[in-house]
Amino acid sequence: MSCQIKAVDLNRLPPADEILSQREAAFFQTLRFPKRRVEWLGGRFALKELVRANCGVPYREIEILPQPSGKPSLCVGGKESLLAFSLTHSHGWAAAAVSADERFVGIDLEKIEHRLDAWAKDFFHPSELTGSGDAFLTALWTQKEAVVKVLGTGLSLNSYEVRCIDGKPFFFGRAQAAYARLGNPALTLQTDERIPGFMFTLAHGH
Ligand SMILES: CC(C)(COP(=O)(O)OP(=O)(O)OC[C@H]1O[C@@H](n2cnc3c(N)ncnc32)[C@H](O)[C@@H]1OP(=O)(O)O)[C@@H](O)C(=O)NCCC(=O)NCCS
């Protein structure tokens, strides 16, 4: 497999007008909250860096636009791209992943923070809680979110419908149906502390 990942510091982004296409810039103008604006821009910059390195296309000819599902579309040089990709952002960082040879990619980045037991019991199915502590729970969260991004379902699932047990995803209910629609691909999860103090998961597969 070959997934490429790029993380960018949101304090070190180029100006929006150097990165965004006209249509992206028009959408960017509609974003009101500074945090949302910089995260949205940062995710695009990270992905455009990867695409530019692969295809040699300038930033402004790479277009990542929101879709109703939440999962954005990617156009390169005016044509819809077949590259699998995913975006994430958290606490001052944004990251993107692309793969030319895998059909499915999902990533998630989360800051390691104290998580209440009550939250963990609510969000994770008991079968997922094979460990404890803030790093474990944050890692588990990133696994679930990375898998949800592969499914493309966004918030339409409840958190028990995707379960990550010892680094493997399992699907129930609406998640099982969404996974079947993708053809039940074998998914691999890779979790690491890619940025100190943050957990990161890449979910990928054919
Ligand atoms: C949107 C969601 C996919 C991830 O959101 P998140 O972890 O809060 O945010 P992240 O920064 O990691 O990711 C946001 C990016 O995901 C992408 N995204 C949004 N909806 C998506 C979808 N349906 N499918 C794939 N990717 C999606 C977008 O690129 C978005 O960035 P952008 O709006 O700047 O382009 C969604 O799962 C969510 O909001 N979850 C909240 C927690 C929850 O209830 N989880 C239960 C799931 S089992």
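Each reported figure results from applying straightforward, stated rules to the coordinates on display, with no laboratory input. Everything numeric in this text was worked out from a predicted model, so none of it was measured. Using ideal geometry, Cβ is built from the backbone for each residue, glycine included, and neighbour counts are taken over all protein chains shown.
Out of S90, S132, S69, S73, I need the residue that is free of Cβ contacts under 8 Å to residues at least 12 places away in the same chain and under 19 Å from F28 (Cα atoms). Which one?
Details: S90 fails: free of Cβ contacts under 8 Å to residues at least 12 places away in the same chain; S132 fails: under 19 Å from F28 (Cα atoms); S69 fails: free of Cβ contacts under 8 Å to residues at least 12 places away in the same chain.
Going through S90, S132, S69, S73 in turn, just one is free of Cβ contacts under 8 Å to residues at least 12 places away in the same chain and under 19 Å from F28 (Cα atoms): S73.
Matching residues to (1) under 19 Å from the mean Cα position of the chain (by Cα); (2) farther than 17 Å from A96 by Cβ; (3) surrounded by 21 or more Cβ atoms within 10 Å (Cβ to Cβ):
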site	(1), (2), (3)
R32	no, yes, no
R44	yes, no, yes
E49	yes, no, no
E63	yes, no, yes
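All but one of (1) buried (at least 20 other Cβ atoms within 10 Å of the Cβ); (2) of a type in the set (V, I, T); (3) not in a helix (DSSP H, G or I) hold for V57; which doesn't?
(1)
Please name all residue pairs, on different chains or six or more residues apart, with Cβ atoms under 8 Å, provided the first residue is in segment 174-194 and is within 17 Å of A139 (Cα to Cα) and the second residue is outside any helix (DSSP H, G or I) and aromatic (F, W, Y).
L187/F104; T191/F200; D192/F200; E193/F200; R194/F200
Considering each of F104, F136, F85 in turn, give the residue that is within 21 Å of the chain's Cα centre (by Cα), more than 30 Å from C55 (Cβ to Cβ) and of a type in the set (F, W, Y). Write out each step before concluding.
Numbers: F104 fails: more than 30 Å from C55 (Cβ to Cβ); F85 fails: more than 30 Å from C55 (Cβ to Cβ).
Result: F136 is the single residue among F104, F136, F85 that is within 21 Å of the chain's Cα centre (by Cα), more than 30 Å from C55 (Cβ to Cβ) and of a type in the set (F, W, Y).
Does at least one position in segment 102-119 carry a residue that is of a type in the set (G, A, S), free of Cβ contacts under 8 Å to residues at least 40 places away in the same chain and either surrounded by fewer than 20 Cβ atoms within 10 Å (Cβ to Cβ) or within 14 Å of the ligand (Cβ to nearest atom) (or both)?
Step one: list which residues in segment 102-119 are of a type in the set (G, A, S), which gives 106, 118.
The next check asks that each one be free of Cβ contacts under 8 Å to residues at least 40 places away in the same chain; those that pass are 118.
The next check asks that each one be either surrounded by fewer than 20 Cβ atoms within 10 Å (Cβ to Cβ) or within 14 Å of the ligand (Cβ to nearest atom) (or both); those that pass are 118.
Checked segment 102-119: at least one residue is of a type in the set (G, A, S), free of Cβ contacts under 8 Å to residues at least 40 places away in the same chain and either surrounded by fewer than 20 Cβ atoms within 10 Å (Cβ to Cβ) or within 14 Å of the ligand (Cβ to nearest atom) (or both).
Cβ contacts < 7 Å: first residue closer than 18 Å to P196 by Cα, restricted to segment 7-24; second residue assigned to a helix (DSSP H, G or I), any location; separation 6+ or different chain. Result?
Listed by first residue and then by second, the contacts come to A7/A46; V8/G42; V8/F45; V8/A46; L10/V38; L10/E39; L10/G42.
Filter segment 1-36 for residues that are of a type in the set (F, W, Y) and part of a helix (DSSP H, G or I) and give the result. Break it down stepwise before answering.
Of the residues in segment 1-36, the ones of a type in the set (F, W, Y) are 27-28, 33.
Residues satisfying the conditions are F27, F28.
Within segment 136-157, track down each residue that is surrounded by fewer than 16 Cβ atoms within 10 Å (Cβ to Cβ) and near the ligand (Cβ under 7 Å from one of its atoms).
Answer for segment 136-157, where residues must be surrounded by fewer than 16 Cβ atoms within 10 Å (Cβ to Cβ) and near the ligand (Cβ under 7 Å from one of its atoms): G154, L155.
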